[in-house]
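Right, one structure below, let's go through it.
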Amino acid sequence: MNVPATLSVIAARPGGPEVLELVRRELPPPGPGEMRVRVHAAGINRPDAMQREGNYNPPPGVTDVLGLELAGEVTELGPDVTRFAPGDRVMALVAGGAYAEEAIVQADVCIRVPDGLSMIEAGGIPETYFTVWSNLFQRAGLKQGETVLLHGGTSGIGVTATLLARAIGARMITTCGSDEKCRASVELGASDSINYKTQDFVKVGRDLTDGKGPDVIVDMVGGSYMQRNLDLIAEDGRIAQIAFQQGSQADLNMGPLLFKRLTLTGSTLRARPIAMKAALTQAVEQQVLPLILEKDARPVIDSVFRLEDVQDAHARLEASAHTGKIILKTAACEEG
Ligand SMILES: NC(=O)c1ccc[n+]([C@@H]2O[C@H](COP(=O)([O-])OP(=O)(O)OC[C@H]3O[C@@H](n4cnc5c(N)ncnc54)[C@H](OP(=O)(O)O)[C@@H]3O)[C@@H](O)[C@H]2O)c1
């Protein structure tokens, strides 16, 4: 079949939002286990900005077209795909290639979009819900009745974690960089939010937990936060490290690891083998989708930009003015 080249977004060179360019790219036919999808919506994530800056290269063999998550309509099946059919609405986690009118996805990391979720909402689900489920729930083992402290309460990841923690009956405390963001985080379900620019999160975090500290900390900052997290966390606590915005190195006193019997964990999603991503996809479909639909944990959409306006969308992410997800939509989304 002769399929016309598809409109796609790449970073022409490392730099700011201005280096993002629309190009036409040929897509290969879907191979075994793959499907071609007509993209309606693609979520924007911080790792996309890191890739644009030249600091987060795609894994070997992965397209340089940006974007880690999408929702769209299946248009063609690869040889052995039986779980889906052309016309199905799916959301997918991809290692690259979501900022485009069409993409090739692995069927094993697709979830059918249920009735009641829009394509815009579905396009903003995979990256943050998979990351939060994997790190906060599977690795750090957050349970009902426990308290979690998360840095970056209004980030895409932070909002998702807040919604899911609330949905299972856990208490969420966040840190944010302004009073306005703290208020937004509490409106989304955090019991308390600490302005890290004006307050010491270790002191306030202790006060808010009667001196005990949170059971779980989710950290995307690293650097100087690593010692402060170790100092604040409760006995038998778990720390999930999901990024190092302040760097991955620090001179640490690891004493609390022994005395408090701590668990340090962390992971990254993109580079995982497909079998691990497939297992996570099943867990999200079975355990997280019901929370999204029945426990009011739908994604919070900050703003929606046309694919052609991708530079503006990245500028909004860079300004860190957003709460929740920034989404790109294609012409197919507007057609319905
Ligand atoms: N491990 C994984 O698999 C995985 C997957 C996806 C994303 N991530 C990482 O998770 C992070 C969030 O991703 P995203 O797409 O949700 O990004 P995002 O919406 O751009 O959020 C980044 C957040 O970092 C916060 N932040 C920066 N410095 C901070 C500090 N000192 N204290 C507290 N918060 C601070 C910002 O909050 P303020 O504006 O309030 O300062 C902002 O909310 C990124 O670092 C990303 O690389 C990891």
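No value in this document is a laboratory result; all are computed from the given coordinates. Values in this document were obtained by computation on a predicted structure and should not be read as measured data. Ideal geometry is used to build each Cβ from the backbone, glycine not excepted, and the neighbour counts take in all protein chains shown.
Things to note:
- Placing a label point 7 Å from the Cα of Ala279 along the Cα-to-Cβ direction, the residues of region 94-109 whose backbone N falls under 20 Å from that point are 94-95, 106-109.
- Residues whose placed amide H lies under 5 Å from that of His40, excluding near-sequence neighbours: Ala71, Gly72, Glu73
- For region 113-123, the Karplus equation 6.51 cos²θ - 1.76 cosθ + 1.60, evaluated at θ = phi - 60°, returns couplings of 6, x, 4, x, 10, 7, 5, 4, 5, 4, x Hz by residue, with Gly and Pro reported as x.
- Taking a sphere under 11 Å around the Cβ of Leu328 and counting the other residues whose Cβ falls inside, with K and R at +1 and D and E at -1, yields a net charge of -3.
- Enclosed volume per residue, in Å³, of the convex hull spanned by Cα atoms of the chain: 129
- Phi to ³J(HN,Hα) by Karplus 6.51 cos²θ - 1.76 cosθ + 1.60 over region 324-336, Hz, x for Gly, Pro: x, 9, 9, 10, 9, 10, 9, 4, 4, 5, 5, 6, x
- Residues in region 253-270 carry Karplus couplings, in order, of 8, 8, x, x, 4, 7, 5, 9, 6, 8, 10, 9, 9, x, 6, 10, 8, 4 Hz; the curve used is 6.51 cos²θ - 1.76 cosθ + 1.60 with θ = phi - 60°, and Gly or Pro positions show x.
- Residues whose amide H lies under 5 Å from that of Glu76, counting only those 5 or more places away or on a different chain, are Arg36; hydrogens are built 1.01 Å from N in the peptide plane.
- Among 117-126, 221-230, the order from most to least packed when residues are scored by Cβ within 10 Å on average: 117-126, 221-230
- Cα centroid separation, region 141-175 to region 103-118: 25 Å.
- Averaging Cα coordinates gives a centre for region 36-67 and one for region 205-261; these two points are 30 Å apart.
- Positive-end residue, the chain charge dipole about Cα centroid, Cβ charges, pick of Pro59, Met119, Ser191: Ser191
- Hydrodynamic analysis of region 128-266 uses the Kirkwood radius over alpha carbon pairs. Inserted into Stokes-Einstein at 20 °C and 1.002 mPa s, it gives a translational diffusion coefficient of 148 µm²/s.
- Counting lysine pairs in region 128-266 that sit 8 or more residues apart in sequence, or on different chains, and whose Cα atoms lie under 21 Å apart gives 7.
- Percent of beta bridges antiparallel (DSSP, the chain, rounded to nearest 5): 55
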